[in-house]
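Working notes, structure below.
The values are calculated or read from the model by the stated rules, or taken from the named source; none is laboratory data. Values in this document were obtained by computation on a predicted structure and should not be read as measured data. Cβ atoms come from the backbone with ideal geometry, glycine included; neighbour counts cover every protein chain shown. Areas reflect the complete protein model, heavy atoms only, side chains present, ligands, DNA and RNA absent. Shrake-Rupley method; radii C 1.70, N 1.55, O 1.52, S 1.80 Å.
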Amino acid sequence: QVQVVESGGGLVQPGGSLRLSCAASGPGIVFSIDAAGWYRQVSAKQRDLVASITKGGSENYADSVKGRFTISRDNAKSTVYLQMNSLKPEDTALYYCAADLSAPMIEYREVWGQGTLVTVSS
């Protein structure tokens with residue numbers, strides 16, 4: 001089963017930091033993450049884009065996280081990260097990763113993970 005799995009969420013105090021990971025995997029296949037985005041969702045509200053990275057490495061951030069969050073990619077580990085610094089209570093959400101994956105002779109578009117919960121509270 002081709003999937004991406006998020007990890008790294010948890011409870012952190014305001015002003016603290018977390019690093020989320022999004023790892024791609026498949027049965028007997030090593031995937032490259034071509035492009036990826038981190039999204040977050042609060043309750044039943046819409047899922048909002050937080051940060052994204054293109055195949056060429058261009059980064060894009062929501063205004064609310066600019067200067068605090070950084071998206072990066074480790075191709076050797078088929079993993080995308082979201083470094084979150086100076087966290088605020090309003091960053092509390094379920095964070096999802098969505099990625100375009102590729103391997104020789106095969107591609108998958110918008111593979112979504114199950115999410116990892118980030119709670120910012122004192």
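Farthest toward the positive end of the dipole of the chain, out of VAL30, VAL65, TYR108, is the Cα of VAL65, where the dipole comes from beta carbon charges about the Cα centre.
Can you check what the net charge comes to around VAL111, using other residues whose Cβ is under 13 Å from the Cβ of VAL111 (Lys, Arg +1; Asp, Glu -1)?
-4
Under 27 Å from the Cα of LYS77, which lysines turn up, not counting those fewer than eight places away in the same chain? Counting by Cα, and skipping residues close in sequence, LYS77 has these lysines nearby: LYS55, LYS66.
Roughly speaking, to the nearest percent, how much of the chain's 1.4 Å accessible area is carbon and sulfur? Ligands and nucleic acids excluded, carbon and sulfur reach 49 percent.
Using a ≥ b ≥ c from the Cα gyration tensor of the stretch 18-63 (square roots of the eigenvalues), is it rounded, prolate or oblate, where a/c under 1.5 gives rounded and otherwise the larger of a/b and b/c decides, a/b for prolate? It is oblate, given that a/c is not under 1.5 and a/b is not larger than b/c.
Summarised in one figure, the compactness ratio Rg/Rh of the chain, Cα atoms and Kirkwood Rh, is 0.98. The residue among VAL2, VAL120, GLN46 whose Cα reaches farthest toward the positive pole of the charge dipole of the chain, with charges on the beta-carbon of Lys, Arg, Asp and Glu, is VAL120. Leaving out ligands and nucleic acids, and using a 1.4 Å probe, what accessible area per residue does the stretch 1-110 come to in Å²? Normalised by residue count, the accessible surface of the stretch 1-110 is 53 Å².
Note on the chain: with charges restricted to the Cβ of Lys and Arg (+1) and Asp and Glu (-1), its dipole about the Cα centre is near 200 debye. Once Rh is set to the Kirkwood radius over Cα pairs, what Stokes-Einstein translational diffusion coefficient, in µm²/s, holds for the stretch 36-90 at a temperature of 4 °C and a viscosity of 1.567 mPa s? For these conditions, the coefficient is 108 µm²/s. What share of the DSSP beta bridges in the chain is antiparallel, in percent to the nearest 5? Percentage antiparallel, nearest 5: 95. Using the empirical formula 2.2 N^0.38 Å as the baseline, the Cα radius of gyration of the stretch 77-122 reaches a ratio of 1.52.
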